[in-house]
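Down below is the structure, laid out as structure tokens.
The values are calculated or read from the model by the stated rules, or taken from the named source; none is laboratory data. All values reported here derive from a predicted model rather than from experimental measurement. When we count neighbours, we look across all protein chains shown, and the Cβ atoms used for this are built from the backbone with ideal geometry, even at glycine. These area figures cover heavy atoms from the full protein model, side chains too; ligands, DNA and RNA do not enter into them. Shrake-Rupley method; radii C 1.70, N 1.55, O 1.52, S 1.80 Å.
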Amino acid sequence: MDASSTNVLLRSRRMRPWEPVLWLLAFAAPLALPGHALIINEIAIVALFALSLDLILGYTGIVSLGHAAFFGMGGYAAALFAKHVMPDPLVGLAVGIAAATLLGAVASFTVMRGTDLTRLMVTLGVGLIMLELANKLDWLTGGADGLQGVVMGPVLGKFEFDLFGRTAAWYSMSVLLVLFLLARRVVQSPFGATLKAIRDNRLRAMAIGIPVTAKLAQVYTLAAALAGAAGALLTQTTGFASLDLFEFHRSADVMLILVIGGVGWLYGGVVGAIGFKLLQDLISAVTPQYWTFWIGLFLVVLVLVGRERLIRPWAWFGGRKA
């Protein structure tokens, strides 16, 4: 890699001036909006989950409908560790990430060959297999009743999880920030450049000597690790793990989040998570029975109109340019 390309990569890794302000506002939100700390915690977890999917969807073009397998694996591993070994959140988080990483490494072999449709079905199959295993191994997972009695210790031995959810929100956002910076460093490195080359033209990437199979396995495993971290955060901050962690709607929701926020840029998962969870919360408060209809209608309009035109309505009729 020449000097000019190296300089471009180094500049792209630096945080833009607005980014620290954005993260400071996010960390101040549980204090400014104490009654909404629980939903802030949910947004941070869902954003991390969406970030993990964006690594394989936005940067390598792999569509996955079974991403909940890694989410649930991380969640159950962290919950079981807290219940049977020790309740330290950070150690449990590491255990959840390790379990999901191992599953991701094994499952990465399923995305090596075949067409996009084949990989789509195989990833869905992995998710369904994990759901059925969690259901059948009820002596370990609690089955349909879920894993109850998960009690977490204080974060860093000092910060107890409170009923209002503020500690949980700060804990989840801290993990999100660390893993976001890690993911950005990955995608803005030479490794990330090879992923984009594979996404744009796999045959050409193979022709110029890029080990496509190895790169796909590596990024798939990394995405699984981040999804496992999100699942671990959910079980740790709620004190409960259930089969819902593996359900198909988890994979579908995170796909919708990336549709809202956009793929191929890491903030798409964050923006999409905020939009999706706020829409879900607001619409379900007005029409609890039909909130999925209105979210579906919004997504249809978003796809038909386009994200850029939707936020710039003056461009619909050939008005002034942005």
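With r as the distance between the Cβ atoms of Lys158 and Thr118 and R0 = 51 Å, compute the FRET efficiency 1/(1 + (r/R0)^6) and round to 0.05.
Efficiency, rounded to the nearest 0.05: 0.55.
Nothing charged except the Cβ atoms of Lys and Arg (+1) and of Asp and Glu (-1): what's the magnitude of the dipole of the chain about its Cα centre? Round to the nearest 20 debye.
So the dipole magnitude of the chain works out to roughly 1360 debye.
Sort out the exposed loop trypsin sites (Lys or Arg not before Pro) in the chain (DSSP loop, at most 14 other Cβ within 10 Å) and tell me the longest stretch that has none.
159-319
Translational D (Stokes-Einstein, µm²/s) of the chain at 25 °C and 0.890 mPa s when Rh comes from the Kirkwood sum over C-alpha pairs?
In µm²/s, the coefficient is 119.
Over all Cα pairs of the range 74-216, how is the pair count split among 10 Å bins, expressed in % and running from 0 up to the last occupied bin?
Answer for the range 74-216: a P(r) of 10, 27, 31, 22, 10, 1 percent.
For n ≥ 4 DSSP H runs only, could you compute -39500 (n - 2.57) per run for the chain, divide by its residues and tell me the 222 nm figure to the nearest 500?
After summing the helix terms and dividing by residue count, I get -23000 deg cm²/dmol.
Please identify, among Ala229, Ala134, Ala28, the residue showing maximal mean-square fluctuation in a Gaussian network model of the chain using a 10 angstrom Cα cutoff.
Fluctuation is largest for Ala28.
About the Cα centre, and with charges only on the beta carbon of Lys, Arg (+1) and Asp, Glu (-1), how big is the dipole of the range 34-192? Nearest 20 debye, please.
Approximately 380 debye in magnitude.
When all protein chains stay in place, what accessible area (Å², nearest 10, 1.4 Å probe) is found for Glu247?
Surface open to solvent at Glu247 totals about 70 Å².
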